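First comes the structure, then the notes that go with it.
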């Protein structure tokens, strides 16, 4: 009897990939946007384009910010969407990072403009990254789900179909439009405990980056995020200990999660975690 082969868990190694996250409705705890900001920093991404905010934003909803610029003069920062390009250090893969605030209007034109830029940069795969509030305990690993509308992507990566029906954000529209264009399209969502929704949410950001490591086959220098995650959880533990109702609610969530995850420690999951460890060790980016 031959052993059944597992589907690959990474996108093709030389394929240019776009990662997109948007502040606002799609970004509970700012977990998704901070994951993109982290990648921008550790991979020294360079901005190559931006969208005109006048076309897409209601400035009474997302107001410009007045501050002091690097030259000491007062300047206005507008709520625009930036496009930056980075080179993944191990594989040399080109990664396009799109970061902005969910637009107020003209979503179809907005997605068309972004995907035109992406096509010009040779993007073949689009991964939208979001975070939502959910009934999950802060004391357990943050769930990160991966879904796709594209059967070929589901077969390639072994991810689930996107079965959600209801109101959607700009990440849902962008993913759908990318798939219509024939790009590989994938959506990642982290579940942030709803009772600690206020940003930052470093444990959720860390979970997103860990999932992206596996998807890209690329170790990511995590910097202070693991320590920040531990400190965040300890802080929430302390708050919960001061309120018996919250403590009991967290306990109920823990029981539900543990019951659902009893078979979780499979050989495949352990092998994937060990492979991730080896990548970090070989690159010297552990921790």
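I need the peptides 130-136, 31-37 ranked by packing, meaning the mean over residues of other C-beta atoms within 10 angstrom, with the highest value on top. Mind showing how you got there, number by number?
On the way: 130-136: 19.4, 31-37: 25.9.
Top of the packing list down: 31-37, 130-136.
Between residue 76 and residue 90, 0.36 nm times their residue separation minus their Cα-Cα distance comes to what? Walk me through the numbers on the way to the answer.
Details: separation 14, 0.36 × 14 = 5.04 nm, distance 3.74 nm.
Between residue 76 and residue 90, full extension yields 1.3 nm more.
Given axes a ≥ b ≥ c from the Cα gyration tensor, I'd like to know whether region 28-95 is rounded (a/c under 1.5), prolate (a/b larger than b/c) or oblate.
Numbers: a/c = 2.03, a/b = 1.68, b/c = 1.21.
Taking the square roots of the gyration eigenvalues as a ≥ b ≥ c, region 28-95 is prolate.
Report the full-extension gain for the segment residue 48 to residue 224: residue separation times 0.36 nm, less the Cα-Cα distance, to one decimal in nm. If you can, show how the numbers build up before the last one.
Details: separation 176, 0.36 × 176 = 63.36 nm, distance 2.77 nm.
Additional length available on full extension: 60.6 nm.
Only counting other Cβ atoms within 10 Å, I'd like 81, 163 sorted with the fewest neighbours first.
Details: 81 24, 163 7.
Listing 81, 163 from fewest to most nearby Cβ atoms yields 163, 81.
How would region 49-88 be classified by its alpha-carbon gyration tensor: rounded, prolate or oblate, with rounded meaning a/c under 1.5 and the a/b versus b/c comparison settling the rest? Working shown, then result.
Values: a/c = 2.92, a/b = 1.13, b/c = 2.58.
Oblate.
Going by how many other Cβ atoms sit within 10 Å of their own, how do 184, 73, 63 line up, fewest first?
Details: 184 21, 73 7, 63 11.
In increasing order of surrounding Cβ atoms, one gets 73, 63, 184.
Run lengths n ≥ 4 of DSSP H only: what is the helix-derived mean residue ellipticity at 222 nm for the chain, with -39500 (n - 2.57) per run over all residues, to the nearest 500? Don't skip to the answer; put the middle values down first.
Details: 9 runs with 114 residues, N = 287.
Rounded to the nearest 500, the figure is -12500 deg cm²/dmol.
Work out the FRET efficiency for residue 246 and residue 66 from their Cβ-Cβ distance, taking R0 = 30 Å, and round it to the nearest 0.05.
0.20
How much of the DSSP bridge set in the chain is antiparallel, in percent, rounded to the nearest 5? Before the final figure, lay out each step's value.
Values: 18 of 42 bridges.
About 45 percent, rounded to the nearest 5.
Would you mind ranking 101, 208 by Cβ crowding within 10 Å, fewest neighbours first? Provide the component values of the computation, followed by the final result.
Working: 101 19, 208 27.
Taking fewest neighbouring Cβ atoms as first place, the list is 101, 208.
Where a number appears in this text, it was derived from the coordinates with a stated rule and is not lab data. These numbers were taken from a predicted model, which means no experiment stands behind them. All Cβ positions, glycine included, derive from the backbone under ideal geometry; neighbour counts span all protein chains shown.
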